[in-house]
1. Rank-order 236-249, 112-125, 341-354 by packing density, defined as the average count of other C-beta atoms within 10 Å over each peptide's residues, highest first.
2. Separation between the ASP126 and ARG362 pseudo-spin-labels, each 7 Å from Cα along Cα→Cβ, expressed in nm?
3. Residues of the chain: accessible area per residue at 1.4 Å, in Å²?
4. Evaluated at 10 °C with a viscosity of 1.306 mPa s, what Stokes-Einstein diffusion coefficient in µm²/s does region 297-390 have when Rh comes from the Kirkwood expression over alpha-carbon pairs?
5. So what are the three principal axis dimensions of region 205-360 from its Cα atoms, in whole Å, longest to shortest?
6. I'd like the orientation of helix 2-31 relative to the chain: the angle between its Cα long axis and the longest Cα principal axis, in ° from 0 to 90, rounded to 10.
7. Rounded to the nearest 500, what is the chain's calculated 222 nm mean residue ellipticity when only DSSP H runs of at least 4 contribute -39500 (n - 2.57) each, over all residues?
8. Once R0 is set to 45 Å, what does the formula 1/(1 + (r/R0)^6) return for the Cβ-Cβ distance between GLN402 and ALA184, expressed as a FRET efficiency to the nearest 0.05?
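The values are calculated or read from the model by the stated rules, or taken from the named source; none is laboratory data. The structure presented is a predicted model; accordingly, all values stated were derived computationally and were not measured. Every residue, glycine among them, receives a Cβ derived from its backbone with ideal geometry; neighbour counts consider all protein chains shown. Calculation scope for accessible area: heavy atoms of the full protein, side chains included, ligands and nucleic acids excluded. Shrake-Rupley method; radii C 1.70, N 1.55, O 1.52, S 1.80 Å.
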Amino acid sequence: MGLTTGRRRIVAVVSVAVMVAVTAITAYRVLAPAEVSTTARGEYPAAADRETGVVGRLPVAPLIVDGRLRVYAAQRQVYADGPVDARHRGTPYWSYRRWPAEVSGVVADGTTVVSHWSDGKLVALDARTGRVAWQVDGPVPAEGWTARRTGAGAVWSPAGLFHTGAGGASTLVVSGPERLAAFALDDGRLLWSTEVDDDCRSDVGTTTTGRFAVVDRCGGPTVVEFLDVRTGTPVDRWEPPGAAAEWSVTPVGCVTEGVRCGGLRVTGPGDDGGRGWLLAADGPVAAPALDPTDAELHGEWVVRAADGVVTGRSARDGDEVWRRADLGAVRIVAVQPDRVHLLTETNDLITVDPATGVERSRFVLNVGADGVGWAPGAAYASGGYLALERLRQPPVPDADDQRYFLTSEPLVLAAT
């Protein structure tokens, strides 16, 4: 009797120990940091060559990479599909996941796709294969995943993630609340790093002259400080002449938000417009044509749509080069090096050449039976394509995603 009871106790103890071990192993497998890389198995998609018009609709915001792929971001995943002109999102061509870190932002340069994660990790993927090219520890971002359902905020305007070309080499500048650092895009090599105080500085972005610009309010007069992207060395501290006591800076003429920008607009409290400046090698140069807040810079040209008239001016001297008064009420929704995308009140997309005003294409941004009764949201243009969020009328920024976006596939993709 006593022996039997003892055996039962031993069996019970062993059973509990086994259950605890199994639970611990399961918890470790579920909760332990993990990285899952699913590389490409098929052929690299061919470059698309399609006629202008609506391509299709997507549930999430794409980055156009190498004219062949669309790259997307989710809370804990970066993935791609192709070809670029596919009507809907397809099976991933490659995918990269991490746990429990979250995606903070994603940028692409050439065939390199770099993701920044909430633990500070930077992961570069070869877009052609999805293989990890390099991984390094970068500045920890202020937040992880903050984008809405489409992920546009993570891929079209990623906070603290900038890149530029200088001296024939591409450089990635990464900014966090406590640290600013730069890395060589080809191999992830650390170029420089410095501690910063996020309470008295704000990022502006990289410039076409190989600089990284920040607004510095730390312990002295507010200035725009320009750093050499390859060395981190300060090369200029610029205080806008005649600026108000409190002023802010908006980068203009950028490839994407804050990336390879050609100019700045300085505004003060209550300003209807501001003062525009071109970023030259020897410092900012006044460009009055850029003063209005609805003026856009495209290389050497400033394009503005106001009061039913679209004009193109020389960025250097402000001389009017072309004028279109035949397009009706339009707004500029996106730009790329050789295209300005205008949207009418009835959601027709008109694309013109920024140097001449000549119309490149015109069509209705309608997909299937969705109609045109929507408001434009965030937009992105690259490689001749335009992607645009469609919002319910009237837009309610604080609404949940189901109320905010038009449909479950709110992105319209068009070839222009």
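1. The densest-packed peptide leads the list: 112-125, 341-354, 236-249.
2. 4.7 nm
3. Per-residue value: 47 Å².
4. After rounding, the answer is 116 µm²/s.
5. 51, 35, 28
6. Taking the Cα atoms of the chain, the angle to 2-31 is about 10 degrees.
7. When only DSSP H runs of four or more count, the value is -3000 deg cm²/dmol.
8. 0.60
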